[in-house]
């Protein structure tokens, strides 16, 4: 038995950790996976050819490469408390679901594509957390079907965000910068709450450690919307809002594309 470490530079959200598991775990010669999310690495314990594993990781578009192979150790992932993780995931699902509805409605009221796109990012997060809850105890084939469904839904949402950006770029818009900034601040607080809830699980279950990184990245997107609102106020132009709306939509579409690459 040997252990091959793969460098995965783009493994930075919970859906990607799940994609790797669903792609690699079905191999008969794979007996375990260990994730180091901070270092963007996954160690696979197996008895076959590392190239066969890489062939499964490459289509995911995460930039995977073989770093090293050595004799397998007995190290295991830290034990997790499933009940506690379920409770946290339900809270995260509720926070992101509520923020999606609020941010979407207020985004249209504020004529802000940045807020609208960010609300879809919140919904994408909620779908990931929901998928994690639904997939627990299900067969691998069911998990893959659920993941692909979430991928198509995310792609559809991203297409809607791009269409809204294009529409407002053509017909014009007057983003209400105060409302735009205020809602983004609330969204930032929601994501920081998620980060705080996940902090104690960073050394526990792999999925929640990935979710911690995911929520941290979302907080950065919120800061981008706040920055765009400030620029709208300073310049009187809707262009900063259109730019941040496009960028967040690209993030949602990228996540969907990675999920749909799963075989």
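Rule-based calculations on the coordinates, nothing more; no lab input. From a predicted model like this one, the values you see are computed outputs, not experimental measurements. Glycine also receives a Cβ, built like all others from the backbone with ideal geometry; neighbour counts cover every protein chain displayed.
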Segment 2-71 - Rg over Rh from alpha carbon coordinates, Kirkwood radius: 0.91
Cβ-Cβ FRET estimate between residue 86 and residue 7, R0 fixed at 35 Å, reported to 0.05: 0.65
Computed label-point distance, nm, for sites residue 58 and residue 171 using a 7 Å Cα→Cβ extension: 4.6
Ranked by how many other beta carbons lie within 10 Å on average, peptides 224-231, 93-100, 108-115, 30-37 from highest: 108-115, 224-231, 93-100, 30-37
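Using the beta-carbon distance between residue 67 and residue 239 and R0 = 45 Å, what value does 1/(1 + (r/R0)^6) give for FRET efficiency, to the nearest 0.05?
After rounding, the FRET efficiency stands at 0.60.
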